[in-house]
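Derivation of every value follows stated rules applied to the coordinates shown; laboratory data play no part. What you see is a predicted model; the values in this text were computed from it and never measured. All Cβ positions, glycine included, derive from the backbone under ideal geometry; neighbour counts span all protein chains shown.
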Amino acid sequence: MELHGCKGCGSSAIEALLEMAGMPYERRVFEWDDREAWDRLRAVNPMAQVPTLVLDDGTIVTESAGIVLWIAAHSPEAQLLPASDRERALAYRWIVSFATNVYGPIIVGDFPSRWVDGDAAQDSLKAKALQRLRDAWIAFETSIEPRPYLLGDRVSALDAYVAMISRWRPGRAWLEEHCPKAMASVTVTEAHPVIASVWARNFD
């Protein structure tokens, strides 16, 4: 398989999960300002978004949450999703929630000109996007009881996904203050040897 991504971006959790699942893959990592690389990616994924995973048979899998769930479904021995129906349902809920309610507003805030014109409108949109993702984190914080991972005593795909997103806005200082339960679990997750290794090459 080929994983297209950038350092510190949404491909980070995918790298970790592929390695936790024991799935061999090749990294196609490029810099944010490498326009030629983005053009090459567009030939694979017309949206030119990362992560993009190219399966062995040439099938293209996009959208970080979709790739997370594909990896978990195709590596049952790695137990990247909980065994119980209740906890697996929670994993599905929160993986998709983070993809839409946190990841989504971050992208809006990064590129407000994609949606509105003018500095004032873009500043307003960025502020509202930031509040939206903060609200989503608070909703998550009030709903979880880590033990010590988010869904029990074993690291899961949700843990890797949330730990990655915690590296972005609204920032670690805000999360430590407002989401202490989530961040305590993130600290445990980031000590996992595979995740720690992947993070070392992705995050400063």
(message) I'd like the distance between the alpha-carbon centres of the range 37-70 and the range 72-148, rounded to an integer number of Å.
(response) 20 Å
(request) Give the cysteines in the chain for which no other Cys Cβ lies under 4.7 Å away, or write none if there are none. (result) Cys179
(message) Sort 48-54, 79-85 by the packing proxy (mean of other Cβ within 10 Å over each peptide's residues), most packed first.
(response) 48-54, 79-85
(message) To make sure I understand the rule: partners must be aspartates and glutamates, Cα under 18 Å from the Cα of Lys7, and not fewer than 8 residues away in the same chain. Which ones qualify?
(response) Glu15, Glu19, Glu26, Glu31, Asp33, Asp34, Glu36, Asp39, Glu63, Asp110, Glu190, Asp204
(request) Compute the FRET efficiency between Glu36 and Arg172 as 1/(1 + (r/R0)^6), taking r as their Cβ-Cβ distance and R0 = 45 Å, and round to the nearest 0.05. (result) 0.85
(message) Test of understanding: in a Gaussian network model of the chain with alpha carbons linked when under 10 Å, which of Trp32, Trp174, Trp115 would top the mean-square fluctuation ranking?
(response) Trp115
(request) Jot down the radius of gyration and Dmax of the chain, Cα atoms only, both in angstrom. (result) 16.8, 51
(request) Could you work out the local net charge near Leu81, counting Lys and Arg as +1, Asp and Glu as -1, over the other residues with Cβ closer than 14 Å to its Cβ? (result) 0
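Just the number, please: percent antiparallel of the DSSP beta bridges in the chain, rounded to the nearest 5. Numbers along the way, then the final one.
Values: 7 of 12 bridges.
Of the beta bridges lying entirely in the chain, close to 60 percent run antiparallel.
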(message) I want to make sure I understand the PRE zone here: with the label point 7 angstrom from the Cα of Lys181 toward its beta carbon, which residues in the range 150-165 have backbone N atoms less than 13 Å away?
(response) 150-152
(message) Using a Gaussian network model on the chain with a 10 Å cutoff between Cα atoms, which of Arg93, Arg114, Arg132 fluctuates the most?
(response) Arg114
(request) Could you list Met20, Met164, Met1, Met183 in order of exposure, starting from the residue whose Cβ has the fewest other Cβ atoms within 10 Å? (result) Met1, Met183, Met20, Met164
